[in-house]
1. Every residue in segment 66-82 that is touching a strand residue (DSSP E or B) at 6+ places or on another chain (Cβ under 7 Å) and free of Cβ contacts under 8 Å to residues at least 12 places away in the same chain, please.
2. Could you check segment 220-257 and list, in sequence order, the residues that are buried (at least 18 other Cβ atoms within 10 Å of the Cβ), part of a helix (DSSP H, G or I) and not acidic (Asp, Glu)?
3. Out of 178, 155, 164, 199, I need the residue that is surrounded by fewer than 20 Cβ atoms within 10 Å (Cβ to Cβ), at pLDDT 90 or above and in the same structural domain as residue 252 (by TED's automatic domain parsing). Which one?
4. Given the criteria in the same structural domain as residue 290 (by TED's automatic domain parsing) and under 22 Å from the mean Cα position of the chain (by Cα), does residue 185 qualify?
5. Suppose we filter 140, 101, 47 for residues that are modelled with pLDDT under 90, outside any strand (DSSP E or B) and in contact with a strand residue (DSSP E or B) (Cβ under 8 Å, 6 or more places away or on another chain); which single one remains?
6. Kindly establish whether residue 3 is surrounded by 13 or more Cβ atoms within 10 Å (Cβ to Cβ), in contact with a Leu (Cβ under 7 Å, 6 or more places away or on another chain) and at pLDDT 90 or above.
Amino acid sequence: MDIANHWSYCEINCSGLIEKKNYSMDEHVLRTFVAVCDRQSFRAAGEDVGRTQSAVSQQIKGLEAELGVQLFNRSTRSVEMTPAGQTFYSHACSLLSRHREAVSAARGASVLPYLRIGATDDIAAYGLVPVLRALEDGPEPCSLDLETHSSQMLLASLGSRYDLVIVVSPQRGRTGDLVASVPLVWLGSAPLSTSKNALPLAVYADRCAMRDAAIAALDTSAVKWTTKATVSGLVVIEAAVRAGIAVAPALAGFHAADLPTVTSLPALPHLELRIVAGTPVGETYLPYVREGLQELLEAKG
């Protein structure tokens, strides 16, 4: 279903000014654009939207031609948003959200509130069950859109793509509601941690509080390290640890129970688990998300 045949949008010109213009583009183009932004890869975005890499590339080229701006800086190794792309991304997310709400409203007089939640990989994998139960007991049931990303990306898209985000930040953070201070632990095998060779790390590709804390602890203790695996998801990090090829930092209690922890490496700090609302809908449901997370942490002891 197309969002509209013609619609008003903002054009970002070379001087950074935004001008009103009318454009003709459909929902599928916007979804492809957002997928490329989120995955930072034409191939991965194509897998998400069910198109080939070349088809995705053609859609983006057409979109750039229509807007008259370059949306991405492309290289053989990465795809990064330009300033114009970052501006267009927030508007595209908002437009797609309004489209979903409009479709829901048209399909029934009694429409459930729509809550868009973003969370980090580890929280989504090991912390969402009590959160979902708490939301079901909220002021009224809601329809959910759940996505995972780095804390940095979640906060950057708060309000446009997400109503509420669950993030991990260094201690004494100032953003959102503090749920708890959670210790970091090392996951991995003892032989790796005691080897005279550089310590092999499995870390996220995007900068995050866990990655920064781990590297800072190793550097402070003069422990040589090397990046063995740079990944985009928790599943791959856990696979690298399970295979015995790397160690990785993790939030205590938010990792697979079968993975061993290492105590011979430099101590890691606590990080803060925080909830941040960016819309009135997010504010409404924030207390219930907090309740679910607190229930989980109490159960973990």
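The values are calculated or read from the model by the stated rules, or taken from the named source; none is laboratory data. Since the structure is predicted, the reported quantities are computational estimates derived from the model, not experimental observations. Cβ: placed from backbone, ideal geometry, glycine included. Neighbour counts: every protein chain shown.
1. Answer for segment 66-82, where residues must be touching a strand residue (DSSP E or B) at 6+ places or on another chain (Cβ under 7 Å) and free of Cβ contacts under 8 Å to residues at least 12 places away in the same chain: just 73.
2. Within segment 220-257, 234, 237, 240, 241 qualify.
3. Just one listed residue meets the conditions, 178.
4. Judged against the criteria, residue 185 is a match.
5. 101
6. No, not satisfied.
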